[in-house]
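J.: The structure is given below, and queries will be raised subsequently.
The values are calculated or read from the model by the stated rules, or taken from the named source; none is laboratory data. Note that this is a predicted model, so its numbers are computed, not measured. So basically every Cβ, Gly included, is an ideal-geometry build from the backbone, and we count neighbours across all protein chains shown. The accessibility values were calculated without ligands, DNA or RNA, using every heavy atom of the protein model including side chains. Shrake-Rupley method; radii C 1.70, N 1.55, O 1.52, S 1.80 Å.
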Amino acid sequence: MRMRAAGVLGTAALLCAALLGAGTAQADQGRIETSYQNPVTALPPVSQPDTHHCTVTEMQYDFGNTISSPAWSGTVTPPADCAGPWSKVVLNWSGSVQGRQYDRLAGVWIGGAEVLRTSTPEPTQQGISWSLEKDVSAFIPLLRTEQPIAVSLGNVVNSTYTGVYHMKLTLTYYQADRRYPAAHTADQVLPLSASTTDAGWTYLNPGQSSSKTVTLPRNLTDVRMEVYARGGGCDEQWFDSVPTDLANKYPDYLCGGGPYREVQVSVDGRPAGIAQPYPVVYSGGIVPTLWRPIPAVDQFVTQAYDLDLTPFAGLLVDGRPHTFTITPYGAADGWTVDSTLFLDTDHHAARTSGALTEDTLSLSPAVTTTETPGAGDLVDVRVSARRAWTTSGWLDTSAGRVRTTVTQQAGYLNTDAVSSGGQKQVMSQRENGATVVTTTPAHGHATAVRHSWDYPITVDSDVPLYTDGDNYSLSATVHQGRVLIDSVSQGDHWRTVDFSRDVVDASGVLARTNGVTTAADGQDSEHYTGTTDTGACYDHLIRAAHGYVTEDHVTGCG
């Protein structure tokens, strides 16, 4: 489990970041779970085209005491026997660890672009191993030539934390053929990371932003940004934070700043886009026994946020440097951010020109917070916000004038019943919304695509005892989901082209007395329903108890 020195971050930060537990857990309070099986997930596997392919081991490295070391670095070279074009490129990240260790944030950069963000499971004394795959075909424009690769996994190894992460990273290149054509990608991939040979993310303290200035092609037709953003410290579980006045009353148990967060993007100081951050939970978060062996949603394969910045393209084609800025709005602790631009250009013109015609986005959201006293020391906290904005612009291209309009509607509601001197919280949060991108060409009909999301999470938590790292009692129940739907406009209705519904339910307890574990148990389940990367419908249910899978069903679906 994640144990931070209270003298450095304070007990409140320690508890908010890792030790919030929940009162109605169904796990066995008296059971002591001493091991658990290797992590498993209900997510669909990445498909493997039936073509000639080459697997290259890009890194095999043991991350020991690397917390203050530069990232591991090397070089990625296209394999001679699979020179391309490729229908798909798949990254495999696998590892093993045993002993005692925190969960750790990790990232992989190729050519300066972050291609994977992940976190590690916490081990047992007997040891565990795990692996994950990610389709990285979007980065093929970089992979066609030799590129630097950097891998960061900041780990601590000492007399207490003994786990060394033995990690392996491979890339598999699948040759294109008539059955599996070359992957469709952007023309250019432009990283906005901090480095090409070291960890490229930027760590931001509250109130800080990350900016990168670059010069873009003068014949742009499409600009898309991929953004990563994760909170740390008290903001590792920002959704459980409470208003600062309430946190100040119970500083040993609560984190302040309130729970509302959004990831803001600006272009040359102009508001350009917003992403609602997913409520990620690390494998040591809330109560570590919750996530053994099924990880929380987004724990191992973090999904980046996509923002369409094409309305700004008319401002970006003047051949001058332009600045892209990321701000984690509302941050009360550190955030780690990074981004990459995916650019399309006019293949029949050396230059395009245009203008931004509308931008109604404000970087100061209207957030409403109320605190209502109840029986005893109960305080019911309600935090809500709504977003509605539009950006629009046009470009004169070789195919005529093209107008792009981006509209977003988003809602936010967080309710939190805080009692027992801050030791008990019953929190429910809902983030949902939709972004619509409408493209209107000079000739022909307008097209529109819609991306909608829904991020529900409920945490019923209790910390009946917390003295120090050797004396505490924690319990929790958590419901966490992510629903994503991609649709295209067809006349007067929307046709779904891709969807996923990923739901994890977990309960867990953990207690120690004078350094001796007196309770450690958990139950969890994951149910994924959605389309695979080949368009098939996939339904996978996994249930586990006491660290081991009890049910595992994969079916087709309608």
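J.: Would you point out the residue of region 361-375, among those that are open to solvent by less than 60 Å² (accessible area, probe 1.4 Å) and among the hydrophobic types (A, V, I, L, M, F, W, C), that is nearest to residue 420 (Cα to Cα)?
T.: 367
J.: Anything in region 519-541 that is in contact with a Phe, Trp or Tyr (Cβ under 9 Å, 6 or more places away or on another chain) and buried (at least 17 other Cβ atoms within 10 Å of the Cβ)? List them, or say none.
T.: Selection gives 522, 524, 528, 529, 530, 531, 538, 539, 540.
J.: Going through 315, 290 one at a time, which residue ends up being on the phi < 0 side of the Ramachandran plot and open to solvent by less than 10 Å² (accessible area, probe 1.4 Å)?
T.: Answer to the selection: 290.
J.: If you scan region 214-262, which residues turn out to be open to solvent by 20 Å² or more (accessible area, probe 1.4 Å) and of a type in the set (Lys, Arg)?
T.: Hits for region 214-262 are 218, 224, 249.
J.: Taking the conditions exactly as written (open to solvent by 60 Å² or more (accessible area, probe 1.4 Å) and touching a Phe, Trp or Tyr at 6+ places or on another chain (Cβ under 9 Å)), does residue 465 satisfy them or not?
T.: yes
J.: Return the total of residues in region 293-312 being assigned to a loop (DSSP other than H, G, I, E, B) and either open to solvent by 10 Å² or more (accessible area, probe 1.4 Å) or within 30 Å of residue 550 (Cβ to Cβ) (or both).
T.: Summing the residues that are assigned to a loop (DSSP other than H, G, I, E, B) and either open to solvent by 10 Å² or more (accessible area, probe 1.4 Å) or within 30 Å of residue 550 (Cβ to Cβ) (or both) in region 293-312 gives 12.
J.: Also, quick follow-up: Could you tell me which residue of region 381-404 is surrounded by the most Cβ atoms within 10 Å (Cβ to Cβ), considering only residues that are hydrophobic (A, V, I, L, M, F, W, C) and part of a strand (DSSP E or B)?
T.: Among residues in region 381-404 that are hydrophobic (A, V, I, L, M, F, W, C) and part of a strand (DSSP E or B), the one surrounded by the most Cβ atoms within 10 Å (Cβ to Cβ) is 395.
J.: Being open to solvent by 10 Å² or more (accessible area, probe 1.4 Å), more than 22 Å from the chain's Cα centre (by Cα) and among the β-branched types (Val, Ile, Thr) is the filter here; which residues of region 405-442 pass it?
T.: Answer for region 405-442, where residues must be open to solvent by 10 Å² or more (accessible area, probe 1.4 Å), more than 22 Å from the chain's Cα centre (by Cα) and among the β-branched types (Val, Ile, Thr): 405, 407, 415, 426, 437, 438, 439, 440.
J.: Just checking, does region 237-253 include any residue being under 27 Å from residue 130 (Cα atoms) and either touching a residue at least 24 places away in the same chain (Cβ under 8 Å) or in a loop (DSSP other than H, G, I, E, B) (or both)?
T.: Scanning region 237-253 turns up at least one residue that is under 27 Å from residue 130 (Cα atoms) and either touching a residue at least 24 places away in the same chain (Cβ under 8 Å) or in a loop (DSSP other than H, G, I, E, B) (or both).
J.: Here's another thing I want to ask about it. Mind checking which pairs have a first residue in region 270-297 that is basic (Lys, Arg) and a second that is open to solvent by less than 10 Å² (accessible area, probe 1.4 Å) and not in a strand (DSSP E or B), Cβ under 6 Å, 6 or more apart or different chains?
T.: 292/547
J.: Same structure, new question: Taking region 128-149 on its own, how many of its residues are within 16 Å of residue 106 (Cβ to Cβ) and either among the charged types (D, E, K, R) or open to solvent by 40 Å² or more (accessible area, probe 1.4 Å) (or both)?
T.: Selection size over region 128-149: 4.
J.: Taking the conditions exactly as written (more than 18 Å from residue 427 (Cα to Cα), open to solvent by 50 Å² or more (accessible area, probe 1.4 Å), of a type in the set (Gly, Ala, Ser) and modelled with pLDDT of 95 or more), does residue 211 satisfy them or not?
T.: For residue 211, the condition - more than 18 Å from residue 427 (Cα to Cα), open to solvent by 50 Å² or more (accessible area, probe 1.4 Å), of a type in the set (Gly, Ala, Ser) and modelled with pLDDT of 95 or more - is met.
J.: Quick check on my filter: what residues within region 66-84 are more than 25 Å from the chain's Cα centre (by Cα) and part of a loop (DSSP other than H, G, I, E, B)?
T.: Once the filter is applied, which keeps residues that are more than 25 Å from the chain's Cα centre (by Cα) and part of a loop (DSSP other than H, G, I, E, B), region 66-84 yields 77, 78, 79, 83, 84.
J.: Within 21 Å of residue 302 (Cβ to Cβ) and of a type in the set (Gly, Ala, Ser), is that true of residue 500?
T.: For residue 500, the condition - within 21 Å of residue 302 (Cβ to Cβ) and of a type in the set (Gly, Ala, Ser) - is met.
J.: Please state which one of 258, 284 is more than 28 Å from residue 185 (Cβ to Cβ), touching a Lys or Arg at 6+ places or on another chain (Cβ under 7 Å) and either at pLDDT below 95 or assigned to a loop (DSSP other than H, G, I, E, B) (or both).
T.: On inspection, the qualifying residue turns out to be 284.
J.: I would also like to ask the following. For a quick check of your reading: which strands (runs of 3 or more DSSP E) sit entirely within region 498-558 and have at least 1 residues that are under 24 Å from residue 476 (Cβ atoms) and touching a helix residue (DSSP H, G or I) at 6+ places or on another chain (Cβ under 9 Å)?
T.: 516-531
Each row is one residue, and each column tells you yes or no for (1) at pLDDT 95 or above; (2) under 19 Å from residue 330 (Cα atoms); (3) touching a helix residue (DSSP H, G or I) at 6+ places or on another chain (Cβ under 7 Å); (4) small (Gly, Ala, Ser).
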residue	(1), (2), (3), (4)
387	yes, yes, no, no
392	yes, no, yes, yes
400	yes, no, no, yes
407	yes, no, no, no
411	yes, yes, no, yes
428	yes, yes, no, yes
439	yes, no, no, no
454	yes, no, no, no
478	yes, no, yes, no
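J.: What are the residues in region 331-353 that are surrounded by fewer than 21 Cβ atoms within 10 Å (Cβ to Cβ) and in a loop (DSSP other than H, G, I, E, B), if any?
T.: 334, 347, 348, 349, 350, 351
J.: Output the residues belonging to region 88-108 that are farther than 26 Å from residue 534 by Cα and either of a type in the set (Asp, Glu) or not in a loop (DSSP other than H, G, I, E, B) (or both).
T.: 95, 96, 97, 103, 105, 106, 107, listed by residue number.
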